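Values in this text are rule-based calculations from the coordinates and carry no lab data. These numbers come from a predicted model, not from an experiment. So basically every Cβ, Gly included, is an ideal-geometry build from the backbone, and we count neighbours across all protein chains shown.
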Amino acid sequence: MNRQRALRVAGLVVAGGCIVLAVGVTSFCVALRAERRSNVLQVPDWTGKARADAAAEAASLGLGFEVGEERHDAAISSGLIVAQEPAPNTTVRRGSRSASSSASGGRP
């Protein structure tokens, strides 16, 4: 009788350990997924914004930002962003770089 009781207790201990392990693994997976989600964001639309404002916003989001070529556009004030890559609302990882083009020679 003592042997059966010992086997039952051992079985309960093993079952309890398996449950604790399963809960731990599940919690780890949920936390890892949340961490990955926090490292991605959507690129804002910087077209029409001043270069300095777009660069400041990019830095606050953890994105690299560089202005490439300047495009002549008489309809847009000089120094405003006229195009960007990646496109607005594209999902990227924090630390990614964004390139843009700004207007030159347009309205002052």
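Computed extension gain for Ala56 through Ala10, at 0.36 nm per residue and net of the alpha carbon distance, reaches 10.4 nm. Arranged from fewest to most other beta-carbon atoms within 10 Å of their beta carbon, Ile19, Ile76 become Ile19, Ile76.
Here the Karplus relation 6.51 cos²θ - 1.76 cosθ + 1.60, evaluated at θ = phi - 60°, turns the backbone of segment 86-98 into coupling constants of x, 4, x, 6, 6, 7, 9, 8, 4, x, 5, 9, 10 Hz, with x for every Gly and Pro.
By other beta-carbon atoms within 10 Å, ranking Asp73, Asp53 with the fewest at the front produces Asp53, Asp73. Taken over the Cα atoms of segment 40-104, the convex hull encloses 60 Å³ per residue. Backbone amide hydrogens, once placed in the peptide plane, bring Ile76 within less than 5 Å of Arg107, excluding anything fewer than 5 places away on its chain. Neighbour counts of C-beta atoms inside 10 Å place Ser77, Ser98 in the sequence Ser77, Ser98, starting with the fewest.
Could you work out [θ]222 nm for the chain from helices alone, using -39500 (n - 2.57) per DSSP H run of at least four and dividing by all its residues? Round to the nearest 500 deg cm²/dmol.
One gets -15500 deg cm²/dmol as the mean residue ellipticity at 222 nm.
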